[in-house]
Amino acid sequence: MGDILFLVLRRLRAPLITIICVYAISVGGLVLIPGVDAAGKPETMGFFHAFYVMSYTATTIGFGELPNPFTDAQRLWVTFSIYLSVVAWAYALGSVFALTSNTTFRSMLARGVFNWRARDIGEPFYLLCGYGQSGAALARALDRQGARLVVIEAREDKVERMALDEFVTPPLALAADARLADVLEDAGVRNPRCLALIALAGDDGVNQAIAIGARVLNPELPIVARAKSNDAELNLAAFEGVRVINPFETFAENLRLTLGAPEVLQAEEWLTGAPGSACPACIALPRRRWVLVGFGRFGHAISALLDDAGIPWKAFDPSVTDDDEKRLIRGAHAEHVLHDAGIEDADVLVAGAGIDAVNLGVTTLARRLNPGLFVIIRQNNARDRALIEAARADIRFVQSELVVHECLQILTTPMLGRFIAMMRAGGADMARAAMERVRAASGEAAPLSWTFACDVMEPGMFAAFFQRAGEPLCLRHLLADPTDPREPLAATALLLERAGAPRPLPAPETVLKPGDRVLFVGDDAARRLQLRYLREPGTVAWVCSGREPPRSLVFRWWHERRQGAA
């Protein structure tokens with residue numbers, strides 16, 4: 001706020017000096033001009049009365065001539081002072097209006113308000129740097145989950161458009177360069193309530209600078225950054241605690257799973273999909289010949305996958321410069337180029353150009369030449385959704401959706417991400433076992449995932465581990481309905497973590513210990529019922545024995561006395 005005050009005083013010093021001089025001249029003249037009192041005797045006005053008269057005269061209030069009626073000389077001077085003060089105030093107000101429309105002043109004022117509001121955030125929040133397509137989609141997704149957001153975006157027009165987006169809790173936003181350390185500090189990167197920083201700027205260099213700067217300012221803060229190039233991904237991966245999302249590599253990895261173990265990708269998409277959505281189909285990708293349209297970063301990622309899988313391919317792009325690679329064809333997206341690429345004998349077309357209209361056009365043209373093509377299409381702009389849907393592709397790559405999907409998986413349910421990584425290593429058998437377990441518990445709809453921590457600081461877990469005799473707490477107890485233990489909850493356990501050692505697909509008879517963390521999936525009703533095991537001390541005893549233990553001091557004393565007597 002000191003910078004704002006300095007700027008105000010600097011820009012308004014001339015108007016303020018002008019007003020002070022006008023008042024000084026007006027008051028001084030009124031003091032020097034003689035008047036008359038009620039008896040008609042000569043009298044001069046004091047400074048207090050002169051200042052009082054000029055104050056209400058210059059502000060056009062007009063209380064009259066005080067303390068005595070004015071002489072003609074005094075009235076002439078007051079008339080002159082009125083016009084002089086009007087000019088001075090007009091000059092001052094014009095300067096104020098000019099200052100309020102000044103870009104520097106408005107940015108400093110917005111920064112001051114932002115700093116004040118950021119310091120007063122009293123709940124956990126995420127710090128999002130970049131409000132492009134991916135950033136806006138992620139902000140809306142986190143807002144729907146009840147998360148609080150602080151957004152930093154370099155372009156002011158995007159910050160202004162944020163006010164038009166529908167949010168349950170509008171994010172706290174600032175138009176500034178997130179690469180600057182003072183901007184990150186003002187946004188709360190050192191705040192203990194900051195859950196994570198997400199760098200989703202459009203440039204890899206900017207994301208690197210943001211992530212590295214945040215890591216220096218707060219070494220303990222989880223950081224998620226997008227990197228589209230391999231060099232940026234390697235640079236960021238070298239910093240501990242930075243999770244890197246490369247949308248092109250991630251999509252290529254998903255295709256790799258589809259080629260080798262499609263059940264793994266089916267299970268992954270089902271477990272990470274929107275709760276209640278249908279189970280996706282298991283896609284079998286053709287393996288004979290592929291044709292790639294566009295050979296940028298997306299095309300390079302797909303071609304590397306195909307080389308590893310031993311699948312022949314050809315690609316064409318207007319900007320191809322590698323004459324040594326015979327599989328690359330330089331040319332526009334025309335019919336004769338498709339002929340040269342062998343589209344008639346191909347099984348898969350990857351429309352991965354950087355322009356959505358080109359992808360739609362080449363898909364339409366290729367299907368005329370080969371109606372049975374399996375089409376993978378890339379959507380570059382969220383506003384072109386209708387164009388991409390018109391292509392009726394078998395698989396669609398939308399960078400913003402994939403980035404949001406990966407970010408939510410990392411930020412909201414990190415245990416689910418670790419289980420998916422284990423499932424990828426375990427292959428199709430583990431994926432089928434997981435899907436069968438989930439189907440048996442909650443049906444065909446995509447489940448909700450949550451983490452249950454056996455934290456002894458919670459009343460229910462403290463009572464379960466230290467205030468209860470009898471059989472130990474098992475996983476099956478947490479899967480029983482606390483209102484009717486004979487009925488199971490619509491949930492199942494996918495992963496148990498104990499002292500850093502993961503146990504995928506744990507058995508229901510697994511004995512739990514303090515500090516264990518369990519990944520459950522199921523419906524929201526099961527999640528809310530399961531919270532009773534944490535919050536209510538007698539719930540575990542009730543489920544295990546069918547009897548609710550006494551809670552008050554009197555009843556506990558009476559219960560212990562009866563047990564001692566027995």
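I'd like the FRET efficiency for GLU220 and ASP165, computed as 1/(1 + (r/R0)^6) with the beta carbon distance as r and R0 of 25 Å, rounded to 0.05.
0.20
Answer with one residue from ALA463, PHE80, ILE377: the one whose Cα lies farthest towards the positive end of the charge dipole of the chain, charges on Cβ with Lys, Arg +1 and Asp, Glu -1.
ALA463
Run through every distinct alpha carbon pair of segment 1-142 and return the Kirkwood hydrodynamic radius in angstroms, one decimal place.
So the Kirkwood estimate lands at 19.4 Å.
Pull up the cross-link candidates among the lysines for LYS314, meaning alpha carbon to alpha carbon under 29 Å and not fewer than 8 places away within one chain.
Those lysines meeting the cut-off are LYS228, LYS326.
Return the tail of the calculated pair distribution for segment 291-450, meaning the percent of Cα-Cα pairs more than 24 Å apart.
The calculated P(r) of segment 291-450 puts 47 percent of pairs beyond 24 Å.
For the chain, what is the percent of antiparallel DSSP beta bridges, rounded to the nearest 5?
Given both bridge residues lie in the chain, the antiparallel proportion sits at roughly 35 percent.
Round to a whole number: what % of the accessible area of the chain belongs to carbon and sulfur, probe 1.4 Å?
Carbon-and-sulfur percentage of accessible area, whole number: 57.
For segment 411-489, what does the accessible surface come to per residue with a 1.4 Å probe? Please give it in Å².
46 Å²
For helix 103-119, report the angle its Cα long axis makes with the longest principal axis of the Cα atoms of the chain; keep it between 0 and 90° and round to the nearest 10°.
60 degrees
For the chain, what's the relative contact order in percent, using C-alpha pairs closer than 8 Å and at least 6 residues apart?
Value for the chain: 8 percent.
Using helices alone, what [θ] at 222 nm do you get for the chain, with -39,500 (n - 2.57) per DSSP H run of 4 or more residues, divided over all residues and rounded to the nearest 500?
-15500 deg cm²/dmol
Per residue Cα convex hull volume for segment 341-425, in cubic angstrom?
Roughly 117 Å³ of hull volume per residue.
Principal axes first, then extents: for the Cα atoms of segment 15-68, list largest minus smallest coordinate on each axis, whole Å, largest first.
Answer, in whole Å and largest first: 42, 22, 13 Å.
Roughly how many Å is it from the Cα centre of segment 23-78 to that of segment 402-473, as a whole number?
84 Å
What is the extension gain from ILE283 to ILE82, computed as 0.36 nm multiplied by their sequence separation minus the C-alpha to C-alpha distance, in nm to one decimal?
My answer for the length gained is 63.9 nm.
Hey, can you find the accessible area per residue of segment 1-95 for me, probe 1.4 Å, expressed in square angstrom?
Per-residue accessible area for segment 1-95 comes out at 64 Å².
State the Cα centre-to-centre distance between segment 136-173 and segment 265-295 in whole Å.
30 Å
Let me know the Kirkwood hydrodynamic radius for the chain, please, with Cα pairs as the basis and the value in Å to one decimal.
Evaluated on the chain, it is 29.8 Å.
Loop-only check: which trypsin sites (Lys or Arg not before Pro) in segment 351-428 are DSSP coil with at most 15 other Cβ within 10 angstrom?
Loop-located and lightly packed - ARG392.
As an exercise, use a Förster radius of 51 Å and the Cβ-Cβ distance of ASP72 and ARG10 to find the FRET efficiency, rounded to the nearest 0.05.
0.75
Keeping all protein chains in position, work out how much accessible area THR412 exposes to a 1.4 Å probe, and write it in Å² to the nearest 10.
50 Å²
Run the 1.4 Å probe and let me know the accessible area of PHE51, rounded to the nearest 10 Å².
Approximately 110 Å² of PHE51 is accessible to the 1.4 Å probe.
Quick check for you: with a 1.4 Å probe and neighbouring chains kept, what is the accessible area per residue of segment 111-190, in Å²?
For segment 111-190, the solvent-accessible area averages 49 Å² per residue.
I'd like to know which of VAL540, HIS300, VAL264 lies farthest towards the positive end of the charge dipole of the chain, counting +1 on Cβ of Lys and Arg and -1 on Cβ of Asp and Glu.
Final value for the positive-end residue is VAL540.
Treating each Cα of segment 387-520 as an identical point scatterer and ignoring solvent, apply the Debye formula and state log10 I(q)/I(0) at q = 0.12 Å⁻¹.
-0.58
For SER277, what is the net charge nearby, where nearby means another residue's Cβ is under 11 Å from its Cβ and Lys, Arg count +1, Asp, Glu -1?
-2
So, R0 is 25 Å and r is the distance between the beta-carbons of ASP177 and ALA382; what FRET efficiency does that work out to, to 0.05?
Plugging the Cβ-Cβ distance into 1/(1 + (r/R0)^6) gives 0.55.
The values are calculated or read from the model by the stated rules, or taken from the named source; none is laboratory data. If you're wondering where the values come from, they're calculated on a predicted model, not measured in any experiment. Don't worry about glycine lacking a Cβ; one is built from the backbone with ideal geometry, like all the others, and counts go over all protein chains shown. Surface accessibility is based on the protein's heavy atoms, side chains included, excluding ligands, DNA and RNA. Shrake-Rupley method; radii C 1.70, N 1.55, O 1.52, S 1.80 Å.
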